[in-house]
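In what follows, a single structure is set out as structure tokens and then discussed.
The values are calculated or read from the model by the stated rules, or taken from the named source; none is laboratory data. Bear in mind the structure is a predicted one, so any value in this text is a computation, not a measurement. Because the Cβ atoms are built from the backbone with ideal geometry, glycine has one as well, and the counts that use them run over all protein chains shown. Side chains are part of the model used for accessible areas, which takes the heavy atoms of the whole protein and leaves out ligands, DNA and RNA. Shrake-Rupley method; radii C 1.70, N 1.55, O 1.52, S 1.80 Å.
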Amino acid sequence: MDLLKKRIVEDGTVLPGNVLKVDNFLNHQVDTKLMDEIGKEFAKLFEGEKITKVVTVESSGIAPALMTALHLGVPLIFARKHKSLTLTDNLYTATVYSYTKRVSNDISVDKRFLNSEDRILIIDDFLANGQAVQGLLEIAKVANVQVAGIGIVIEKSFQKGRSMIEKTGVRLESLARIASLENQKVTFVE
Ligand code: G4P
């Protein structure tokens with residue numbers, strides 16, 4: 001997606017440790033017009049897939065997932081990382097390890113919101129090591145729902161998330177694929 005790549009080049013900064021900082025348009029301050037375009041693009045890519053729900057993990061996945069769900073005309077579910085007062089024990093849960101933050105989080109979805117007739121689209125802001133996606137795939141399996149695909153805003157193709165997903169056979173679409181962040185420079189996959 002050229003608009004997104006242009007924005008990454010203009011407004012993204014590369015931090016030590018191969019981290020791309022995009023908090024001025026994606027995961028802290030959010031550019032709503034860009035997010036709308038991202039939602040449109042995912043909806044176009046996955047139209048015809050008979051998706052019933054879009055699923056993400058809080059917090060940074062919510063903005064692109066919400067716009068995608070809006071354009072597909074289906075609900076959004078975001079898995080929660082923290083136990084809510086109103087969440088009951090009736091939960092699907094998976095453990096997600098964050099390499100970047102070096103912490104494990106349990107993510108949960110209330111069983112009322114996923115059932116065997118669902119065909120979901122997983123959306124997330126970043127694909128790095130694929131831990132968040134793996135957690136959602138585990139939940140989908142236990143909930144007996146079909147996964148129509150995975151949509152990623154920014155894929156760090158030099159980390160192992162893509163190969164993990166490819167092994168599952170689930171369709172993966174990334175709007176920007178980054179080949180390298182070496183020397184503070186963003187290089188995209190051709
Ligand atoms: P994963 O995202 O593929 O699961 O891999 P990893 O465990 O490495 O990522 C852990 C967290 O770090 C994720 O956020 C992910 O989005 C974020 N992350 C990974 N690489 C980058 C990067 O280059 N730039 C930025 N800005 N974030 C990156 P999270 O723990 O789910 O947090 P949240 O922000 O969604 O709450």
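Residues are listed down the side, and each one gets a yes or a no for (1) over 26 Å from Asp2 (Cβ atoms); (2) within 11 Å of the ligand (Cβ to nearest atom); (3) open to solvent by less than 60 Å² (accessible area, probe 1.4 Å); (4) touching a Cys at 6+ places or on another chain (Cβ under 6 Å):
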position	(1), (2), (3), (4)
Thr56	no, yes, yes, no
Ile62	no, yes, yes, no
His71	no, no, no, no
Ile77	yes, no, yes, no
So Val142 fits all but one of (1) in contact (Cβ under 8 Å) with a residue 24 or more places away in the chain; (2) out of contact with any Lys or Arg (no Cβ under 8 Å at 6 or more places or on another chain); (3) of a type in the set (A, V, I, L, M); (4) not in a helix (DSSP H, G or I); what number is the exception?
-> (4)
Pick out the one residue from Thr100, Thr95 that is part of a strand (DSSP E or B), in contact with a strand residue (DSSP E or B) (Cβ under 9 Å, 6 or more places away or on another chain), within 15 Å of the ligand (Cβ to nearest atom) and open to solvent by 40 Å² or more (accessible area, probe 1.4 Å).
-> Thr95
Restrict the check to the range 23-38 and report whether at least one residue is within 11 Å of the ligand (Cβ to nearest atom) and under 18 Å from Ala140 (Cβ atoms).
-> no
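Quick one: would you say Leu70 is at pLDDT 95 or above, in a helix (DSSP H, G or I) and farther than 19 Å from Ile154 by Cβ?
Values: at pLDDT 95 or above: yes; in a helix (DSSP H, G or I): yes; farther than 19 Å from Ile154 by Cβ: yes.
Considered against the rule, which asks whether it is at pLDDT 95 or above, in a helix (DSSP H, G or I) and farther than 19 Å from Ile154 by Cβ, Leu70 comes out as yes.
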Residue list for the range 108-127, restricted to those being open to solvent by less than 20 Å² (accessible area, probe 1.4 Å) and either within 9 Å of the ligand (Cβ to nearest atom) or out of contact with any Asp or Glu (no Cβ under 9 Å at 6 or more places or on another chain) (or both) | Ser108, Val109, Asp110, Leu114, Asp118, Ile120, Ile122, Ile123, Asp124, Asp125, Leu127
Could you give every pair whose Cβ atoms fall below 6 Å, whose first residue belongs to the range 21-49 and is farther than 14 Å from Ala65 by Cβ, and whose second residue is within 15 Å of the ligand (Cβ to nearest atom) and open to solvent by 60 Å² or more (accessible area, probe 1.4 Å), counting only separations of at least 6 or pairs across chains?
-> Lys21/Thr13; Lys21/Leu15
Here the residues within the range 130-181 that are more than 10 Å from the ligand (Cβ to nearest atom), farther than 18 Å from Lys50 by Cα and polar (S, T, N, Q) are Ser157, Ser163, Thr168, Ser174, Ser180
